[in-house]
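Submitted below is the structure of interest, expressed as C-alpha cells.
Just so it is clear, none of the values below were taken in a lab; they were calculated from the coordinates. Just so it is clear, the model here is predicted, and its values are computed rather than measured. Cβ placement follows ideal geometry from the backbone for every residue including glycine, while neighbour counts extend to all protein chains displayed.
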Amino acid sequence: MKKIAAILLASVYVLLVGCNTVGGFGKDVQKVGEKVEDSAEKKK
C-alpha cells in the first residue's frame, strides 16, 4: 500500500513540475514574439 501511495505522489509531483515548465516555456516564446513584433513595427 505504501508503494502505491509513493508512486502516486511521485506521479502527481512530476505532472505539476511538467506543467510549470511548459507554462514557463510558453511565456518565453511569447516574449520572443513580442520582440519580433516590436522590431517589425520599427522597420515600417
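Right, Ser39: part of a helix (DSSP H, G or I), among the hydroxyl-bearing types (Ser, Thr, Tyr), surrounded by 10 or more Cβ atoms within 10 Å (Cβ to Cβ) and free of Cβ contacts under 8 Å to residues at least 12 places away in the same chain or not?
It is false that Ser39 is part of a helix (DSSP H, G or I), among the hydroxyl-bearing types (Ser, Thr, Tyr), surrounded by 10 or more Cβ atoms within 10 Å (Cβ to Cβ) and free of Cβ contacts under 8 Å to residues at least 12 places away in the same chain.
Inside the stretch 1-22, can you point out the residues that are surrounded by 10 or more Cβ atoms within 10 Å (Cβ to Cβ) and small (Gly, Ala, Ser)?
Ala6, Ala10, Ser11, Gly18
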